[in-house]
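The values are calculated or read from the model by the stated rules, or taken from the named source; none is laboratory data. Because the structure is predicted, anything quoted here is derived from the model rather than measured. All Cβ positions, even for glycine, are placed from backbone atoms using ideal geometry, and neighbour counts span all protein chains on display. Accessible surface areas use protein heavy atoms only, side chains included; no ligands, DNA or RNA. Shrake-Rupley method; radii C 1.70, N 1.55, O 1.52, S 1.80 Å.
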Amino acid sequence: MKKKILISAGPTREHIDAVRFITNRSTGKMGYAIAEAAVAAGYDVSLVSGVVNLTPPANLTDFMIAETAADMADTIKRLAINADIVIMNAAVADYRPKQTLINKMKKKDSDLVLELERTEDILKSLGEMKKFTNPDQILVGFAAETDNVINYATEKLENKNLDWIVANDVSNNAIGFGSDNNAVVLINRKLEKIKIPQASKLEIAQLILNTIIP
Ligand code: CTP
């Protein structure tokens, strides 16, 4: 039977009111490239995406848009139960406005303070779920960092009970958000580091899949 891969990609949007939201610079290119490479390699691929300007690759088994961190948490946790491999590439917001106004907010003369609350750490939930439901599942996270890249990435690997983390230096515009290229370091549970030098996101995607899937 074909192995099932679940991939998340793109940013989330956290709504302030009817016309405004908080988001981030993720374009989804890396996650879509992984989905494309995984389909080409013959896997059964489900892609859960934030709102992006990309066309999903052909021949996905499932394609779903998840706009907010809460939507993404619901969809990913449901699909992860049956996945052999989960790759969380989405740039999920860590905070959302405590309240979302149904109408457009009107300005006042005074400053505005927005109160934010934590969203669920989806990958951490998957790392907990994996212990009980699917210990053989391969769980992969991304760490987009601007400094201390390897240290922060290693902390995420350990805190979230991951098998691999893909560390990515987003302070370098040649390989960061929106670029067609990337360069990453893969770190596993044994803290072995595999460096993938700068290449197209599709080539990086193929190398990531070849490394993480035995
Ligand atoms: N992630 C997630 N749910 C969140 C935030 C992040 O599943 N609410 C996942 C991302 O998809 C990524 C990994 O966790 O695979 C690391 O995301 P990142 O934003 O780099 O790290 P955080 O855990 O948010 O940590 P920090 O904000 O301290 O850098």
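If you find the alpha carbon centre of the range 94-155 and of the range 21-80, how far apart are they in angstrom?
Rounded to whole Å, the Cα centres lie 17 Å apart.
Tally Lys/Arg at +1 and Asp/Glu at -1 over every other residue whose Cβ is under 15 Å from the Cβ of Gly178; what's the total?
Within the 15 Å Cβ shell, the charges total +1.
In debye, nearest 20: dipole of the range 85-144 around its Cα centre with unit charges on the Cβ of K, R (+) and D, E (-)?
It comes to approximately 280 debye.
Considering only protein heavy atoms, with the full assembly of protein chains and a 1.4 angstrom probe, order Tyr32, Tyr43, Tyr152, Tyr95 by accessible area, largest first.
Result, largest first: Tyr95, Tyr152, Tyr43, Tyr32.
Which lysines have a Cα lying under 18 Å from the Cα of Lys131, excluding residues fewer than 8 positions away in the same chain?
The reachable lysines, counting only those whose Cα sits under 18 Å from Lys131, are Lys77, Lys156, Lys160, Lys190.
Modelled label-to-label distance, Glu115 and Glu203, 7 Å Cα→beta-carbon offset: nm?
So the two model labels end up 5.1 nm from each other.
At 222 nm, what value in deg cm²/dmol follows for the chain if DSSP H runs of at least 4 each add -39500 (n - 2.57) and the sum is divided by all its residues, to the nearest 500?
-8500 deg cm²/dmol
Heavy-atom accessible area per residue, the chain, 1.4 Å probe: how many Å²?
Roughly 54 Å² per residue, with all protein chains present.
Would you mind checking the tilt of helix 201-212 against the longest principal axis of the Cα atoms of the chain, expressed as 0 to 90 degrees and rounded to 10?
Result, in degrees: 60.
When the chain is modelled as a GNM with alpha-carbon springs shorter than 10 Å, which of Val92, Val39, Val19 fluctuates the most?
Val19
When Lys and Arg each count +1 and Asp and Glu each count -1, what net charge do the other residues less than 11 Å away from Thr75, Cβ to Cβ, add up to?
Net charge around Thr75: -2.
Compare Lys130, Lys190, Lys201 in a GNM of the chain, Cα atoms joined below 10 Å, and give the one with the largest fluctuation.
Judging by the Gaussian network model, the answer is Lys190.
Loop only per DSSP, at most 11 neighbouring Cβ atoms within 10 Å: give me the trypsin sites (Lys or Arg not before Pro) in the range 59-117, ordered by residue number.
Working: sites: Lys77, Arg78, Lys98, Lys104, Lys106, Lys107, Lys108; in loops: Lys98, Lys104, Lys106, Lys107, Lys108.
Those satisfying the criteria are Lys98, Lys104, Lys106, Lys107, Lys108.
Given a 1.4 angstrom probe, I'd like the percentage of the accessible area of the range 122-214 that is carbon and sulfur, rounded to a whole number. Don't skip to the answer; put the middle values down first.
Working: 2280 of 4640 Å².
After summing per-atom areas, the C and S share lands at 49 percent.
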